[in-house]
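These notes concern the structure reproduced below.
The values are calculated or read from the model by the stated rules, or taken from the named source; none is laboratory data. The structure presented is a predicted model; accordingly, all values stated were derived computationally and were not measured. Glycine gets a Cβ as well: all are built from the backbone with ideal geometry, and neighbour counts include every protein chain shown.
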Amino acid sequence: MTATATATATRSRRGARLSLVIPMHNEAEVLPTTLAAVHAALDGLGVEYEIIGVDDGSTDETFAVLSRLAEADPRLRGLRLSRNFGKEAALSAGLDHCDGDMVVPIDADLQDPPSLIADFITLWEAGYDVVYGVRTERRSDTFFKRATAGVFYRVFNGISDVPIPGDTGDFRLMDRAVVEALRALPERNRFMKGLFAWVGFRQVGVPYARPERAAGTTSFNGPRLFRFALDGITAFSTAPLRVWSLVGLAGAAAALGYALFLIVHVLVRGRDIPGYASLMVVLLLFSSFQMIALGVFGEYLGRMYQEIKGRPLYIISDRVGV
Ligand code: UDP
Ligand code: MG
């Protein structure tokens, strides 16, 4: 257990309400199993709860299954987004439509064990506002994903305004106050891991072993993870923008040094044949630097454009039980 601050307040689960938010994208196959597991884990905890399933534009039977289950289950409600907006948007939709004193976002594929919620609630009662799951081993992830995640956390925490704890996901329990703080953030780019850290509050981690997906396939492949990483870094750091002044300064210093060397060289040894190769290398190197710098500016500019347009984060097309 790792705490960022000691908790002081105490709360009671009696009379408190818990909201579960489940984003789902093509999860029809696993959904009945997941909901059964959630009920099994939550019944008997002595807390009233609701489950909000957000169908993020699935192309399979997810919403049909969700609706069918919701008709027989007064604690289950469902939202359908008008298309696939991405997990972050689906989570935001869920956070906007739940009213629990505690809110737990949880994956639909049982990779976030519902049994852990019992520990989350105990720590919430002890006064923590955010209780997050920490993956102790990621055997369920591919080597590629583990390696890239490691690099991502190192880079992100090296340059970000707020560090994010390694090996955490969206699986966590948040107090209502934290949810309201998140909902009040105006930005369109919802890099949740970063926003969770940014809002602060008393946070504590609970380790767990992350199991394999119960069924179905992951929606996050290589290119999507790369875009996700770029979204995260650009949202929480301007270091990639600022580094170019340093590159420029270093380049100028090197050029000056070389100029001095050339002057001395000409005075001592006389003029020799101009170096075509060195000229070419310097030219290519510095024009590539300029291209990279422009590309980095473009990444930020494009995101500013997204923010300025101010489009809604998601559009709801259907609801059940809401
Ligand atoms: N998900 C979503 N919208 C998407 C992609 C994923 O709502 O566009 C949901 C998905 O149904 C699951 C959770 O986000 O409940 C995590 O996705 P997944 O299991 O595919 O990712 P992984 O666990 O492999 O990182
Ligand atoms: Mg998963």
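Of all residues in the stretch 124-145, which are within 14 Å of F171 (Cβ to Cβ) and either crowded, with 23+ Cβ neighbours inside 10 Å or not basic (K, R) (or both)?
Those that are within 14 Å of F171 (Cβ to Cβ) and either crowded, with 23+ Cβ neighbours inside 10 Å or not basic (K, R) (or both): V130, V131, Y132, G133, V134, T136, S140.
Looking at the stretch 214-252 only, could you name the residues that are within 11 Å of ligand 1 (Cβ to nearest atom) and closer than 19 Å to E88 by Cα?
If the condition is that a residue be within 11 Å of ligand 1 (Cβ to nearest atom) and closer than 19 Å to E88 by Cα, then T217, T218, S219, F220, N221, R224, L225, F228 are the ones that fit.
Of the residues that make up the stretch 97-106, is at least one in a loop (DSSP other than H, G, I, E, B) and closer than 18 Å to T218 by Cα?
Yes, there is a match, as at least one residue in the stretch 97-106 is in a loop (DSSP other than H, G, I, E, B) and closer than 18 Å to T218 by Cα.
Can you tell me how many residues within the stretch 173-221 are assigned to a loop (DSSP other than H, G, I, E, B) and away from ligand 2 (no atom under 16 Å from the Cβ)?
Total satisfying the criteria: 12.
Being in contact (Cβ under 8 Å) with a residue 40 or more places away in the chain, part of a helix (DSSP H, G or I) and within 15 Å of ligand 1 (Cβ to nearest atom): is that true of A93 here?
yes
Given the structure, is A126 more than 16 Å from ligand 1 (Cβ to nearest atom), over 30 Å from A239 (Cα atoms) and not polar (S, T, N, Q)?
yes
Can you work out which of the residues in the stretch 259-318 that are over 21 Å from T234 (Cβ atoms) and among the acidic types (D, E) is modelled with the highest pLDDT?
Here the residue is D318.
Please verify whether A250 is surrounded by 10 or more Cβ atoms within 10 Å (Cβ to Cβ), within 16 Å of ligand 2 (Cβ to nearest atom) and of a type in the set (G, A, S), treating the condition exactly as stated.
In short, no.
When you check I164 against the structure, is it crowded, with 18+ Cβ neighbours inside 10 Å, out of contact with any Pro (no Cβ under 7 Å at 6 or more places or on another chain), of a type in the set (A, V, I, L, M, F, W, C) and over 30 Å from G57 (Cα atoms), yes or no?
It is false that I164 is crowded, with 18+ Cβ neighbours inside 10 Å, out of contact with any Pro (no Cβ under 7 Å at 6 or more places or on another chain), of a type in the set (A, V, I, L, M, F, W, C) and over 30 Å from G57 (Cα atoms).
Mind counting the residues in the stretch 61-90 that are touching a residue at least 40 places away in the same chain (Cβ under 8 Å), in a helix (DSSP H, G or I) and more than 11 Å from ligand 1 (Cβ to nearest atom)?
Count: 5.
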